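One structure is given below, encoded as structure tokens.
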Amino acid sequence: MAADVPETVTAALADRQVEGQVCLEAGAGVGNTTAGLLAAGAKRVYAVTNDADHAATVRERVGDGSADRLVVVEADLRATPLATDSVDLVTAHGLCNVLPPADLDAVAAELTRVAKSDGRLVVDDYAVPPADAAVTRLFALENAAARVVDGRPALAFYPPAVLAAVFADHGWAIERKATLLDPVPWTEAHLNAHADVVREYAATLPDSLGEPLAAMAEDLVAAIGSERAGTMYSLAFRLGDV
Amino acid sequence: METRALGDTGQESTVLTFGSIALNWLEQEGANQMVELVLDHGVNHFDVAPTYGDAELKLGPKLRQYREDIFLGCKTQEREYEGAARKIDRSLDRLGIDTIDLYQIHGLEYEEELDTITADGGALDAIREAKAAGKIDHIGLTSHGDPDLILDAIDRIDDLETVMFPLNPVVAGKDDSEYDYEAVLERCESEGIGTLGIKAFAKGSWPSTDELAEADRPYANWYEPVDTPEAIRERFDFAAAQGLDTVVSPGDPKLVKMVLDAASRFEGMDEARQRSLIEEVRHDDSPVPEQLHH
Ligand SMILES: C[S@@+](CC[C@H](N)C(=O)[O-])C[C@H]1O[C@@H](n2cnc3c(N)ncnc32)[C@H](O)[C@@H]1O
């Protein structure tokens, strides 16, 4: 497989049964976890995203050589076309931080619906970044831009206990918690990707509003450069009797 | 300083090996002081090669003074009997000692070289002969080449006791087989072969000579090294935490003190931190579109 699977993904899957399993990668992004699941011998991976560019990237980057085991699905995670009780292992790697609380619960309900009665779930995400971390200023700007445009924030960092509680409400029992990254390296590439999100929001606004927003994002990225801050964690659940 | 068994050689090496190439850039007096400094930190494993300018000659005086305290690795780039036999005697002569503890086939890069080395009249014949004659104690290999080739060498050289290869967060983050030195590490562990890590402190390649003339490089290393105490400590801890028996210090004498310091303070590195270092550099030349997440 050509795609480099990040260590975060490998570590999160290391103690999970992946081989021979039907998997659902919720929020496929650029396909890191999809690649990890396929490399670990998944029988089939449904890679779900609502972003057409992401879907194309995953197909192109990961589809090579495992096309028969990969199904890229363009759908909303609150209502997927997947059958009830059909998935052995659900993964949500870096998904929840892009889901505002209202969506989070709806997505949790849908993931629970498609999971088999003895299904497993892995949720990897960022802890709330420390208040004194410079990256929080960029994230705050991103959320401000999102609120102006969409009326909702773009990013939501949930403490592990909160995500554990949300999924517990849907019948998921926690099996283990692990730290994937400590600290999280926010590289120039990551910061630029966040600044790009701000620029996209800014582009939809009148220049008088959009231009200063974009300029602020640019200044912040230049000022921060790169930063190590916060942690990324992994929660593993199983469905059924607690 | 922590020591670890160097495979099944019976040698307990410090987790830092002194790359004696650093002596090449020092006058004799400075070289003597550097060896004293290295020994003061408890380092007991030194590595040298005839191709490192005057390093063998400059190491000689202190090596002879402290012969019992130093496990010495040396190497040869010769692939055939005659050349290797001559190089062993030459190194013994230049170092002024009777026995080299570890003699390594240096810089293996191509399958054909391995054929030559292991064939009748190859370098291995000379090295084995020298071993039988008591001129060397153990046989090793060094390579920054294809991990598959190293595995092949392990298969084909029964009496191989150590392997030296690159390991750092950049290498560790790549999945392609051409960077899979972790497979080498695993194999060595399962076969009792000692492991020495190089390039632990590499930050990247130097800019092209058009941009930066060789003479204008600030360090003597053949790659651009990390050079702050924090970064050096982090890179050392990372390499030592991968399970290598020992990590070789970088070639530039200006970095040695910082590396000695890092090795003396080594206390392991937890896995979340190791992954953090890998993730940080994984994006350096990633073909993947810019992404928000790790
Ligand atoms: C940052 S990515 C996650 C990274 C990815 N899991 C990986 O391993 O590379 C988040 C993904 O979730 C998708 N997403 C966010 N909200 C969604 C929703 N409501 N329905 C479907 N996909 C969604 C985004 O389009 C994006 O592809």
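Some points to look at:
- Some residue of the stretch B:231-238 being within 16 Å of B:K199 (Cβ to Cβ), surrounded by fewer than 17 Cβ atoms within 10 Å (Cβ to Cβ) and small (G, A, S): yes
- The set of residues in the stretch A:218-242 being of a type in the set (A, V, I, L, M, F, W, C) and in a strand (DSSP E or B) consists of A:M232, A:L235, A:A236, A:F237, A:L239.
- Tallying residues that are part of a helix (DSSP H, G or I), near the ligand (Cβ under 9 Å from one of its atoms) and surrounded by fewer than 19 Cβ atoms within 10 Å (Cβ to Cβ) within the stretch A:53-93 yields 1.
- When the stretch A:103-128 is filtered for residues that are within 9 Å of the ligand (Cβ to nearest atom) and of a type in the set (A, V, I, L, M), the ones remaining, listed by number, are A:A106, A:V107.
- Selection of first residues in the stretch A:66-85 that are at pLDDT below 95 and of second residues that are more than 8 Å from the ligand (Cβ to nearest atom) and in a loop (DSSP other than H, G, I, E, B), restricted to Cβ pairs under 9 Å at least 6 apart or on distinct chains, gives the following pairs, ordered by first then second residue: A:S66/A:M1; A:S66/A:A42.
- Test: residue in the stretch A:26-37 that is away from the ligand (no atom under 13 Å from the Cβ), modelled with pLDDT of 95 or more and buried (at least 22 other Cβ atoms within 10 Å of the Cβ): no
- Taken over the stretch B:67-106, residues that are in contact with a Lys or Arg (Cβ under 8 Å, 6 or more places away or on another chain), within 19 Å of B:G194 (Cβ to Cβ) and without any contact (Cβ under 8 Å) to a residue 60 or more places away in the chain amount to 6.
- Residues that are among the aromatic types (F, W, Y) and away from every other protein chain (no Cβ under 14 Å) within the stretch A:171-187 comprise just one, A:W172.
One line per residue, one yes/no per condition, for (1) within 14 Å of chain B (Cβ to nearest Cβ); (2) closer than 19 Å to A:V123 by Cα; (3) touching a Lys or Arg at 6+ places or on another chain (Cβ under 9 Å); (4) more than 9 Å from the ligand (Cβ to nearest atom):
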residue	(1), (2), (3), (4)
A:A42	no, yes, yes, yes
A:L95	yes, yes, no, no
A:V98	yes, yes, no, no
A:P101	no, yes, no, yes
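- Test for B:D125: is it surrounded by fewer than 17 Cβ atoms within 10 Å (Cβ to Cβ) and not in a strand (DSSP E or B): no
Residue-by-condition table, conditions (1) touching a residue at least 40 places away in the same chain (Cβ under 8 Å); (2) closer than 18 Å to B:H293 by Cα; (3) among the aliphatic types (A, V, I, L, M):
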residue: A:A161; (1), (2), (3): no, no, yes
residue: A:L181; (1), (2), (3): yes, yes, yes
residue: A:D207; (1), (2), (3): no, no, no
residue: A:A229; (1), (2), (3): yes, yes, yes
residue: A:F237; (1), (2), (3): yes, no, no
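- Test: residue in the stretch B:200-214 that is modelled with pLDDT of 95 or more and either closer than 30 Å to B:G10 by Cβ or surrounded by fewer than 14 Cβ atoms within 10 Å (Cβ to Cβ) (or both): yes
- Filter result for A:H190 (in contact with a His (Cβ under 9 Å, 6 or more places away or on another chain), at the interface with chain B (Cβ under 9 Å from one of its Cβ atoms), part of a helix (DSSP H, G or I) and surrounded by 20 or more Cβ atoms within 10 Å (Cβ to Cβ)): yes
The values are calculated or read from the model by the stated rules, or taken from the named source; none is laboratory data. All of these numbers come straight from a predicted model, not from anything done at the bench. Counting neighbours? That spans all protein chains shown, and the Cβs are built from the backbone with ideal geometry, glycine included.
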